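For reference, the structure discussed in these notes is given below.
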Amino acid sequence: MSDAILSVTGLTVRFGALVAVNHLSFAAERGNITSVIGPNGAGKSSLFNLISGAIRPEAGRVQLDGRDVTGWRPNRLLAAGLARSFQITNLFFELTVRENLRLAAQFVEPGPQLSNVLRPVSANRAALARVEELTERFGLRDKLDELAGYLSHGEQRRLEIAVSLAARPRLLLLDEPTQGMSHADTQDTAALIRGLAGELSILLIEHDVELVMDLSDHVIVMHQGQKLAEGRPEAVRADPSVQAAYFGEAADAAAR
Ligand SMILES: Nc1ncnc2c1ncn2[C@@H]1O[C@H](COP(=O)(O)OP(=O)(O)O)[C@@H](O)[C@H]1O
Ligand SMILES: [Mg+2]
């Protein structure tokens, strides 16, 4: 029996003549880390943009927990339990770490209209508790009053993940969370992601193949907008078509 938190069917988007995501289907199981890998330009970020409502598909369907959420706007999806962090950072650089987290934590699901009068106080208390918890977990306690723009690159990426967790999503989409990170920061981030699994489901785009193989329960390989292969990390790595399209290219790039 499958228990999909996310299921995508025949998802398609075109930019002019280019079919960036071409009839893509897959499912992500609840509590798992599902990863999407593929060479640059394969359509990974476009896929995330479709799932998270940043762009609308030309065809196909997105289901969250069995509910059709195709074409929903990002805020509505967030309220329904789907959060994403961006490949390009999405923080308010001119605000402190605390303010960035509090703004995100205040986005609580809309309660009954009646309680709106009382909400500022209780919501604020809940938001502050969430900020505490996240700064502890993400090792940002010493940085609470620093402007996000002054953090190191690794700290910014960590804060970005913390921000996307503030609204307590059930599914988190991470687009290359370790991009540009040092080896040590990458290892720390991997440990954080591993720690989140089980508590929530994760859909990860990642360029670092070793990291993907190490972290993932299930891997989807994209190539030119299409799904080239999917399965357990070991099986995907051993697949000859994947070797040719992805690892071959990665090896070429490393040799250059
Ligand atoms: N908004 C857009 N307008 C036009 N072309 C786009 C847009 N977004 C992505 N593309 C193109 O779609 C293809 C897939 O891009 P992308 O989804 O970013 O790939 P990946 O994340 O796998 O590197 C690329 O050729 C890219 O140039
Ligand atoms: Mg991308």
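Read-outs: derived from the displayed coordinates by stated rules, not from any lab. It should be emphasised that the depicted structure is a prediction, and the values quoted were computed from it without experimental measurement. Using ideal geometry, Cβ is built from the backbone for each residue, glycine included, and neighbour counts are taken over all protein chains shown.
Remark: relative contact order (the range 194-236) = 28 percent; criterion is Cα-Cα distance under 8 angstrom and separation of 6 or more residues.
For R84, the residues whose amide H sits under 5 Å from its own are L173, ignoring neighbours fewer than 5 places away on the same chain, with H placed 1.01 Å from N.
Here the simple spin-label model places points 7 Å from the Cα toward Cβ, and for L95 and L128 these points are separated by 1.7 nm.
Pull up the DSSP beta bridges for the chain and report the antiparallel fraction as a percent, rounded to 5.
Approximately 55 percent, going by the DSSP bridge assignments.
The value of relative contact order for the range 157-211, using C-alpha pairs under 8 Å at least six residues apart, is 46 percent.
Using a cutoff of 8 angstrom between alpha carbon atoms and counting only pairs six or more residues apart, the relative contact order for the chain works out to 27 percent. Our summary of shape: the Cα atoms of the chain have principal axis extents of 58, 40, 39 Å, ordered from largest down, in whole angstrom.
Extension gain, R141 to T9: 0.36 nm times the residue separation minus the Cα-Cα distance gives 43.3 nm.
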